[in-house]
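Novice: Quick one: the structure is below, and I'll ask about it shortly.
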Amino acid sequence: MDLGSWEDFTFVSHPASSESDYSYLGVVPSGKHVPIKIKQGVAAGLNTPGLSCDMQTLIGTTYPSKPDSNSGVTGVLSGFVCDWALSSFSTVAEVHSALSSTHSVHGPDALAFHFIFRDALGESLVVEFLPDPATGDPRTNLHLDLDDGESGFGITTNEPPFPWHVTNVLHYEWKRSLSRPAVAVPGGFYPDERFLRLHSLKNGLEDPASYEEHVQNAVHLLNAVTIPKGDMLATDSGAGEGEGDHTIFGLVYDHDRDDPKIYFRSYDNQSMRRLRLADLKNLDDVGGDDAFMPVAGGAELYYIDAAADFRSKV
C-alpha cells in the first residue's frame with residue numbers, strides 16, 4: 001500500500017451489528033493526518049466469509065452524481081466503499097449485483113480510487129469510475145476478472161484503467177509468441193510495469209505443494225513490487241510527493257471461508273505476521289466494540305536470532 005506521504009495506518013476489527021451482516025478486519029488511516037480514526041474509511045480488509053476489498057488510486061476517476069433520494073438507488077461515498085461491502089456481502093457476485101442495480105458510488109472526484117474485490121471462490125471484480133467515451137458522463141465500470149487470460153490475470157495496479165492493462169499483457173504475450181522474441185521483464189515501479197512484472201513472475205511460479213508454499217509464493221510476488229523509501233526512479237509519484245512514494249505496508253489475504261487470515265508486514269518490520277479472524281474475539285460480539293492495533297510496530301521482532309539453531313553435527 002502506497003498513499004504518498006501518508007504513513008500511519010491502523011487495523012480495526014469490526015464486529016457485525018444489527019445494521020451489518022458480517023464482521024471484518026480492515027486497515028484505516030490514523031495518526032497526525034487524521035484527528036480521529038475514520039473507522040469507515042477502510043483502505044483494505046477481509047471479512048469473515050472470505051471477501052476482501054482494496055481501495056487503490058486511479059488517476060482520472062470521475063464519479064457519478066449522488067443518486068436522488070427517490071431513485072430507489074442507495075448512494076455509497078467512495079471513501080466508505082470497503083466498509084459497506086465487507087459489512088454487507090460474502091462474494092464478488094453479490095457486490096457485482098448490488099453495484100449493477102441497487103447501489104451507486106459517488107465522489108468527490110478528489111477521492112480518485114478504484115476498488116478490487118476478491119472472494120473465497122477465486123473470483124475478482126475491479127470497479128472503476130470513468131467518463132463515458134461517447135458522452136463524457138461519469139460511468140461505473142464493472143470488470144469481472146476470472147484470472148483466465150482473457151477477462152484478466154488476477155492482477156491489479158493503478159492507472160491506466162484495468163482494460164488497458166489486460167490489453168497490454170495480451171500484446172506482451174503476442175510479442176513473446178513470435179519466432180525470435182526479445183521481450184524484457186519490466187523493472188520499474190510504474191503501474192503498467194508492476195502489472196507486467198507480476199504477470200511474468202506469476203506465470204513462472206512452481207505449483208505450490210503445500211499451504212506454506214502458497215503463502216511464500218505470494219510473498220515473493222509482493223517483494224517484486226515493494227518500493228523502498230528515497231527518491232526512487234520509475235515510480236508514479238505526483239508533483240511534490242517526493243520520498244512519500246514507498247510501500248508503507250503489504251498484505252497477503254487467505255480468503256478461506258472457514259478460516260480467513262491476513263498476513264502483513266510494515267515498512268519498519270519486514271517480518272511477516274499473521275492475524276486470524278477467528279482469533280479476534282471481539283468479532284464474535286455482534287454489536288460490540290471495535291478493537292484496534294497499529295499496522296506499524298513490532299520492531300523488536302524484525303529478525304529471529306538463529307544462533308541457538310547451530311549443532312555440533314549436521
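Just so you know, all these numbers are worked out from the coordinates, no wet-lab data involved. What you see is a predicted model; the values in this text were computed from it and never measured. Here Cβ is always computed from backbone atoms with ideal geometry, including for glycine, and neighbour counts include all displayed protein chains.
Novice: As an exercise, use a Förster radius of 30 Å and the Cβ-Cβ distance of TYR211 and ARG176 to find the FRET efficiency, rounded to the nearest 0.05.
Specialist: On the way: r = 31 Å, r/R0 = 1.05.
Once rounded, the FRET efficiency stands at 0.45.
Novice: Further, regarding this structure: For n ≥ 4 DSSP H runs only, could you compute -39500 (n - 2.57) per run for the chain, divide by its residues and tell me the 222 nm figure to the nearest 500?
Specialist: That calculation yields -6000 deg cm²/dmol at 222 nm.
Novice: For THR74, THR226, THR10, what ranking results if the residue with the fewest other Cβ atoms within 10 Å of its Cβ goes first?
Specialist: Working: THR74 12, THR226 15, THR10 19.
Ranked by crowding around the Cβ, least crowded first: THR74, THR226, THR10.
Novice: Follow-up. Treat the count of other C-beta atoms within 10 Å as a stand-in for reagent exposure and order LEU51, LEU301, LEU251 from fewest to most.
Specialist: Result, fewest neighbours first: LEU301, LEU251, LEU51.
Novice: Here's another thing I want to ask about it. I'd like the FRET efficiency for ILE304 and ALA224, computed as 1/(1 + (r/R0)^6) with the beta carbon distance as r and R0 of 22 Å, rounded to 0.05.
Specialist: Values: r = 23 Å, r/R0 = 1.06.
Efficiency, from the Cβ-Cβ distance: 0.40.
Novice: Turning to a different aspect of this structure: Where in segment 109-164 are there GluC sites (Glu not before Pro) that are in a DSSP coil and have at most 16 other Cβ atoms within 10 angstrom of their Cβ? Numbers along the way, then the final one.
Specialist: On the way: sites: GLU123, GLU128, GLU150; in loops: GLU123, GLU150.
Those satisfying the criteria are GLU150.
Novice: Here's another thing I want to ask about it. Among all stretches of the chain without exposed chymotrypsin sites (Phe, Trp or Tyr not before Pro) (DSSP loop, at most 10 other Cβ atoms within 10 Å), which one is longest? Walk me through the intermediate numbers first.
Specialist: On the way: sites that count: TYR303, PHE310.
It runs 1-302.
Novice: List the aspartates and glutamates whose Cα lies under 13 Å from the Cα of LYS229, skipping any in the same chain that are fewer than 8 positions away.
Specialist: ASP2, GLU7, GLU241, GLU243, ASP245, ASP268
Novice: In percent, what relative contact order does segment 192-314 have, based on Cα pairs under 8 Å that are 6 or more apart in sequence?
Specialist: Values: 112 pairs, mean separation 18.0, N = 123.
Worked out over segment 192-314, it gives 15 percent.
Novice: Continuing with the same structure: Would you list the membrane-span-like helices of the chain, meaning whole DSSP H runs whose alpha-carbon atoms span at least 18 Å along their axis and whose mean Kyte-Doolittle value is at least -1.0? Mind dumping the intermediate values first?
Specialist: Numbers: long enough: 162-176 (21 Å, -0.81); 191-204 (20 Å, -1.09); 211-223 (19 Å, -0.57).
Taking the DSSP H segments of the chain (at least 18 Å long, mean hydropathy at least -1.0), we get 162-176, 211-223.
Novice: Any of LYS202/LYS261; LYS66/LYS261; LYS66/LYS281; LYS66/LYS202 with alpha carbons more than 30 Å apart? Name them for me.
Specialist: Long pairs (Cα-Cα over 30 Å): LYS66/LYS261; LYS66/LYS281; LYS66/LYS202.
Novice: Counting other C-beta atoms within 10 Å, which of ARG276, ARG139 has the fewest, and how do the rest follow? It would help to have the intermediate numbers written out before the result.
Specialist: Numbers: ARG276 12, ARG139 16.
Ranking ARG276, ARG139 by Cβ neighbours within 10 Å, fewest first, gives ARG276, ARG139.
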